[in-house]
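Encoded as structure tokens, the structure appears first; notes follow it.
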Amino acid sequence: MPEVETIRRGLSGFILGKKITGIQVLCEKSFVGEPAVGVVCGLRRFGKALVIDLDCGQSLMIHLRMTGQLIWRNACDNTETASGFAGGHPSENFVAELPNKQTRVTLKFEDGILFFNDQRKFGFIKVIPTVNVEEDSFISKLAKEPWKMTAGELFDGLRRHKNSSVKAVILDQTVVSGLGNIYADEALYSAMIHPARKAGSLSMEETQKLLDAMRSVMEKSIEAGGSTLQNYVKADGTRGDYLDLFAKVYHRNGSACERCGTEIVKIKLAGRGTHFCPQCQKMTEDGGRND
DNA sequence: CTAGGATCCTGTCAGC
DNA sequence: TGCTGACAGGATCCTA
């Protein structure tokens, strides 16, 4: 979600008020509905979905899923004035020659091209009448985002899935929206809750702590600019993993926990890679034995 | 209704 | 080198 919000904000400056002159679909699976053209009159976000509203009454709903990317390139290829923007799953595509074999859709504007790249083809662009966007099958089921949600509401959501792991439940977009695998791990670490805890075992106090952690972890990531291209260049000129800027556990297995020095471990939970500190994230509320 | 696993697809990496 | 399986920033579908 922080990546999508970063794209929404960054892309606005390039395409808001601009006219889409043509849409090229390079992969049928990646585009649902009949291509629609018009002037971009709004960019909205619903959970991890980006919605581009057009003045023709149609909207483009974009979900990047695991490997989707949106990359803007100005039409002018003079390097003095060329500018770009890239967000989503970070890869060489951010700086590569486009289109390439992972380009699924191109949205042509008068002064540039927006490339939708997606290695695994899980993501998509879907045309929906603007008035029907909120009835979309994905959007209509979304729960509130952490900022709009009370601890009581999150607590109820956890109780509804009391026998599942808390990690699996906070990834469920119908319980709380916006968290992906990274932010689930980071929020649980911040709240010092073991990812394998039964969702129904969390106290109201822990639930409040977890909710606060979700908010701060995602706020920090949005501040860091998600995985945008211009965001993070290391001192030696190479591009770094933007996660290095704030991630405490994600992809950090094998290194020391910042809080206690214990080695961060990685396990598989809810079908997903899960990173945590076995010392400070306890299986019980009072921090008793942890196995 | 919930819980858990398979599935969509391409690419990379470790291990043999 | 080639093969194999595991895994990957997500969500849905199917089964029990």
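Quick note: the coordinates plus some simple rules give every number you see, no bench work behind them. Keep in mind that what you see is a predicted model, and the values were worked out from it rather than measured. Virtual Cβ from ideal backbone geometry, glycine too; neighbours counted across all protein chains shown.
In degrees from 0 to 90, rounded to the nearest 10, what is the angle of the helix A:204-224 Cα long axis to the longest principal axis of chain A? That works out to roughly 30 degrees.
Here is the list for segment A:57-129: trypsin sites (Lys or Arg not before Pro) lying in DSSP coil, each with at most 16 other C-beta atoms within 10 angstrom of its C-beta, are A:Arg65, A:Lys101, A:Arg120, A:Lys121. The lysines within cross-link reach of A:Lys126, meaning a Cα-to-Cα straight distance under 26 Å and a gap of 8 or more places when in the same chain, are A:Lys18, A:Lys19, A:Lys29, A:Lys48, A:Lys101, A:Lys108, A:Lys141, A:Lys144.
Per residue, the Cα convex hull of segment A:97-209 amounts to 164 Å³. Size estimate for segment A:27-95 follows the Kirkwood approach: the inverse of mean 1/r over distinct Cα pairs works out to 14.0 Å.
Computed from phi, the 3J(HN,Hα) profile of segment A:270-283 under the Karplus parametrisation 6.51, -1.76, 1.60 (θ = phi - 60°) reads 6, x, 10, x, 9, 10, 6, 9, x, 8, 8, 9, 8, 7 Hz, with x in place of Gly and Pro.
Judged by the mean number of other Cβ atoms found within 10 Å, the most tightly packed of the peptides A:84-96, A:156-168 leads the ranking A:84-96, A:156-168.
Can you give the helix-only mean residue ellipticity at 222 nm for chain A, where every DSSP H stretch with n ≥ 4 adds -39500 (n - 2.57) and the sum goes over all residues, rounded to the nearest 500 deg cm²/dmol?
The helix-only estimate for chain A comes to -6500 deg cm²/dmol at 222 nm.
The rule of thumb for compact globular proteins, 2.2 N^0.38 Å, goes into the C-alpha radius of gyration of segment A:45-146 1.16 times. Within the straight-line cut-off of under 19 Å between alpha carbons, the aspartates and glutamates reachable from A:Lys121 are A:Glu3, A:Glu28, A:Glu34, A:Glu92, sequence neighbours fewer than 8 places apart in one chain being disregarded.
Take the Cα atoms of chain A, build their convex hull, and give its volume per residue in Å³.
Considering the Cα atoms of chain A, their hull volume per residue is 134 Å³.
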